[in-house]
Amino acid sequence: MYYKMSRVIAAIVIAAMIMSAIPAIKAMAPPAPAIWITPDNLSFDTTHTNVGDMFNVTVNIATTGPSYTWQARVNFNPSQINAVRADYTGSGKSLFFTPKGSIPVTPTLDNTAGFVVHGESLVGSDSVPAGSNSLFWIEFRIMAAPPQGETLTSLISVEDPAGGNTFILDPDLGTVPGVSVGSATYTYSPPPPVRDVTVTDLSFSNDHPKQGVDNVTITVVVLNNGTIPETFDVTIAFDSTPIATINVAALAPGSSETLTFEWNTSAASVGKHTITASATVVPFDTDPTNNSESKQIMIMSSTGPNTDINGDGRVDMIDIAEAASAFGSHEDGTRWNPAADVNGDGVINMMDLGLVARDFWKK
């Protein structure tokens with residue numbers, strides 16, 4: 001009794017599983033009779049897929065009556081993908097005709113016109129009842145990557161029977177009418193764009209200008225370190241006050257641009273100040289921290305002696321300390337301070353320190 005009940009329960013479970021699978025099968029396949037492709041949506045991106053990579057599709061069949069022969073032509077875009085191989089899904093025959101005896105053929109692959117033709121026939125008076133299964137698979141190679149910012153989209157499609165290359169024959173060798181066909185959408189997309197605008201350099205024509213006497217050329221170099229063209233603004237600020245904004249239009253990926261601005265120092269107070277160049281943080285910028293750069297500039301008194309190194313209008317111990325800290329340095333050296341090169345000979349030595357000390361407390 002227990003054995004019989006177990007068999008009944010197992011039968012109910014199997015039946016339920018089969019019934020639950022039916023809607024999924026119907027949703028995947030066109031109305032029978034039909035020849036279609038699975039999967040019906042192939043999506044790739046250049047982050048994980050490269051030109052030369054392979055992928056497979058399977059051609060399937062569903063019939064509503066006995067069948068004897070099938071033939072299918074699958075079309076594709078040869079500029080994007082090429083057919084590498086095709087073969088039956090079974091061992092020497094399609095699963096649809098297994099275990100019947102059949103006459104196999106060698107599939108035709110044409111990567112110029114872009115198609116694969118395959119077929120199979122039973123032998124003698126045999127036939128296959130109504131049903132569905134797979135026929136053959138095709139292996140494709142990706143031949144082209146999408147242009148930056150674009151997506152390649154095309155169809156891998158079973159040709160309409162009206163073209164005469166796709167058909168199902170019944171046991172009387174009559175063409176089965178109303179065969180519907182299906183296709184697969186092939187898409188190849190670039191990865192999300194990388195966006196990264198960078199300020200790579202900030203420099204001055206004179207970092208110790210005399211107030212109102214010397215104009216300063218401020219030079220800013222910006223780089224588009226992303227993968228799409230970028231349009232943005234670069235703002236130059238004196239301390240926290242903007243003094244100029246320059247627009248950069250459609251800067252190409254990997255390209256840099258040099259911007260220059262002539263700054264009149266009349267409104268600047270004597271002493272140390274900070275000049276900052278800041279580029280707009282574009283949406284999804286991968287590294288906003290590199291969008292700005294700052295450097296100090298010393299505004300010198302226009303009336304003070306050239307020994308007033310810090311430009312505050314008086315020569316005192318601060319100026320002597322400035323010269324002493326740069327002692328022994330040459331132009332382009334790490335400790336070089338052009339204001340401390342009082343005699344302008346390109347080196348800061350005892351001559352410069354002596355000149356500063358001589359003018360101690362001079363205004």
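The values are calculated or read from the model by the stated rules, or taken from the named source; none is laboratory data. All values derive from a computational prediction rather than experimental measurement. Positions of Cβ are generated from backbone atoms using ideal geometry, with glycine treated the same way; all protein chains shown enter the neighbour counts.
Does the range 204-217 hold any residues that are of a type outside the set (Gly, Ala, Ser) and exposed (fewer than 15 other Cβ atoms within 10 Å of the Cβ), and which are they? I'd like the intermediate steps shown before the answer.
Of the residues in the range 204-217, the ones of a type outside the set (Gly, Ala, Ser) are 204, 206-211, 213-217.
Scanning the range 204-217 gives VAL213, ASN215, THR217.
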(message) Quick check on the range 270-288. Is at least one of its residues in contact with a Phe, Trp or Tyr (Cβ under 9 Å, 6 or more places away or on another chain) and acidic (Asp, Glu)?
(response) no
(request) Could you list all residues from the range 177-205 that are in contact (Cβ under 8 Å) with a residue 24 or more places away in the chain and under 13 Å from ILE297 (Cβ atoms)? (result) LEU202, SER203, PHE204
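From ASP201, ASP172, which residue is assigned by TED's automatic domain parsing to the domain that holds ASP45 and surrounded by fewer than 19 Cβ atoms within 10 Å (Cβ to Cβ)?
It is ASP172.
Among the residues of the range 258-283, count how many are of a type in the set (Val, Ile, Thr) and within 12 Å of VAL216 (Cβ to Cβ).
Going residue by residue through the range 258-283, those that are of a type in the set (Val, Ile, Thr) are 258, 260, 265, 270, 274-276, 280-282.
Of the ones still in play, those that are also within 12 Å of VAL216 (Cβ to Cβ) are 260, 265, 275.
Summing the residues that are of a type in the set (Val, Ile, Thr) and within 12 Å of VAL216 (Cβ to Cβ) in the range 258-283 gives 3.
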(request) Working only within the range 195-210, note down all residues that are under 39 Å from the mean Cα position of the chain (by Cα) and part of a strand (DSSP E or B). (result) ARG195, VAL197, THR198, VAL199, THR200, ASP201, LEU202, SER203, PHE204
(request) Would you check if TRP361 is surrounded by fewer than 20 Cβ atoms within 10 Å (Cβ to Cβ), of a type in the set (Phe, Trp, Tyr) and over 30 Å from ILE228 (Cβ atoms)? (result) yes
(request) Could you check how many residues of the range 96-121 are surrounded by 18 or more Cβ atoms within 10 Å (Cβ to Cβ) and either under 14 Å from SER134 (Cα atoms) or of a type in the set (Asp, Glu) (or both)? (result) 5
(message) If I ask for residues that are exposed (fewer than 14 other Cβ atoms within 10 Å of the Cβ), of a type in the set (A, V, I, L, M, F, W, C) and in contact with a Lys or Arg (Cβ under 7 Å, 6 or more places away or on another chain), which ones from the range 37-83 would you list?
(response) MET54
(request) Run GLU150 past the list (1) buried (at least 18 other Cβ atoms within 10 Å of the Cβ); (2) within 32 Å of the chain's Cα centre (by Cα) and report the number of the one that doesn't hold. (result) (1)
